[in-house]
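Asker: Got a structure for you, questions after.
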Amino acid sequence: MIVVTGGTGNVGRALVARLAETGAAVTAVARHITAADVPPGVRGLAADLGRPDELAPAWEGATALFLLVAGDDPEGLLKRAAAAGVRKVVLLSSQGVGTRPESYAHAARFEAAVAGSGLAFTVLRSGGMASNALAWAEPVRRHRTVAAPFADVALPFVDPDDVAAVAAAVLREDGHDGLTYTLTGPEATTPRRRAADLARALGEPVTFLEQSREEARERMAAFMPDAVVEGTLAILGAPTAEEQAVSPDVERILGRPAASFAHWAARNIAPFR
C-alpha cells in the first residue's frame, strides 16, 4: 500500500492516477477528499497533516509514503508511519531549500526529519510548477490579460505531471534511497513568454501587464507566509544561476525529456477559456 498525501492536488492527483494504473494499492489523503476525487479501487481518507493522529487509518497495510511539506510535526508523523510498517518515504520539497534555506526553513525541517527518520527516503526538490499559472486563469477568462512581475526573467518551470511521474517511479523502484533530485522543466521561460504560450493554446491574444514588485508582494501575501513571499520574489526577480539551470533529473529518471510549459498549457487550457 502506498499512501499519497495531498492526493487531490496538482501533483497528488496525477500521482494517485499513475499508481492506480500500475495496479498499486493506494490510499489518497487530503483534508476534504471524497470518493469522487479518486479513481476506482483507490481508498480516499479525509485527514489533516497538521493533525498526525488523523492519519492512523492510512497506515493500515502501508509500506510507502509520498509526503508533502504540510503541518508542523514531521517527526511525529514519520514516527507513527514507521511504527505502523511504512519503510519508504518520498518527500516533495522545494528547490529553495538548497538555494535559499533561510526562506525555506519549514521545508528544510521536513527534509531533516525524513533524513533522520530511519526510513529509506528520497527528496524531490521541485522548481516552480507550471500549474502556478492557474493563478492567471480568472483574468485570462474575464479580460484576456496576465499580470506578473519580472516580465523578462526566465526560470525552468516544471510540469506537475512530470513531478508525479518521477514520484511514481521513485516510489516503485529501487536505487533512489538517500538521494535528492531537483526537478525542472526543459528550458527557462519568462512570464511574458508563458503568457504567449497561453495565448497560442487559446487561439486568442492575451495582453501581458507587468506588475511592480510591491504589487506582486501584496497579492502573494494574501496566501503565503512572509518569509516564503520574500523568497519567492527573490527567485522570480533575481534568480541564481542554479535556479535558472535546467536539471537533468526528470529525463534521467523517466528516460524522456521534461515537458515544456507550452505543452502543459495546451493540456490544461480549459480553466483559461
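Asker: Identify all residues within region 214-227 that are of a type in the set (A, V, I, L, M, F, W, C), open to solvent by 40 Å² or more (accessible area, probe 1.4 Å) and touching a residue at least 60 places away in the same chain (Cβ under 8 Å); write none if there are none.
Answerer: Ala227
Matching residues to (1) under 25 Å from Met129 (Cα atoms); (2) in contact with a Phe, Trp or Tyr (Cβ under 7 Å, 6 or more places away or on another chain); (3) in contact (Cβ under 8 Å) with a residue 24 or more places away in the chain:
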site: Gly6; (1), (2), (3): yes, no, yes
site: Gly12; (1), (2), (3): yes, no, yes
site: Glu21; (1), (2), (3): yes, no, no
site: Ala25; (1), (2), (3): no, no, yes
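Asker: Here's a follow-up. Of the residues that sit in region 112-154 and are over 30 Å from His176 (Cβ atoms) and within 19 Å of the chain's Cα centre (by Cα), which one is most open to solvent (accessible area, probe 1.4 Å)?
Answerer: Looking at the filtered set, the residue picked out is Ala135.
Asker: OK, next. Just give me the residues in region 182-209 being among the small types (Gly, Ala, Ser) and within 25 Å of the chain's Cα centre (by Cα), in sequence order.
Answerer: Applying the first criterion (among the small types (Gly, Ala, Ser)) to region 182-209 yields 185, 188, 195-196, 199, 201, 203.
Scanning region 182-209 gives Gly185, Ala188, Ala195, Ala196, Ala199, Ala201.
Asker: Also, quick follow-up: Quick test for you: out of Asp162, Asp152, Asp177, pick the one residue that is among the charged types (D, E, K, R), assigned to a loop (DSSP other than H, G, I, E, B) and closer than 24 Å to Val69 by Cβ.
Answerer: Matching residue, one of Asp162, Asp152, Asp177: Asp177.
Asker: Give me the pairs, please: first residue somewhere in region 88-107 and part of a helix (DSSP H, G or I), second residue anywhere and among the polar types (S, T, N, Q), beta-carbon distance under 7 Å, and either six or more positions apart or on two chains.
Answerer: Partner pairs satisfying both residue conditions: Gly96/Ser103; Thr99/Thr240; Ala107/Ser93; Ala107/Ser94.
Asker: Now for a different question. Just checking, how many residues over region 194-213 are assigned to a helix (DSSP H, G or I), open to solvent by 70 Å² or more (accessible area, probe 1.4 Å) and touching a Pro at 6+ places or on another chain (Cβ under 9 Å)?
Answerer: 1
Asker: Ok, one more. Just name the residue that is nearest to the chain's Cα centre (by Cα) out of those in region 36-79 that are closer than 30 Å to Val228 by Cα and among the basic types (Lys, Arg).
Answerer: It comes out as Arg51.
Asker: Mind listing whichever residues of region 103-138 are among the aliphatic types (A, V, I, L, M) and touching a Ser or Thr at 6+ places or on another chain (Cβ under 6 Å)? Step through it out loud before you land on a result.
Answerer: If we filter region 103-138 for residues that are among the aliphatic types (A, V, I, L, M), which is where we start, we get 105, 107-108, 112-115, 119-120, 123-124, 129-130, 133-135, 137.
Of everything in region 103-138, those that are among the aliphatic types (A, V, I, L, M) and touching a Ser or Thr at 6+ places or on another chain (Cβ under 6 Å) turn out to be Ala107, Val123.
The values are calculated or read from the model by the stated rules, or taken from the named source; none is laboratory data. All values derive from a computational prediction rather than experimental measurement. With ideal geometry, Cβ positions are generated from the backbone for all residues, glycine too; neighbour counts draw on all protein chains shown. When the accessible area is computed, the model is the full protein with side chains, heavy atoms only, and any ligands, DNA or RNA have been set aside. Shrake-Rupley method; radii C 1.70, N 1.55, O 1.52, S 1.80 Å.
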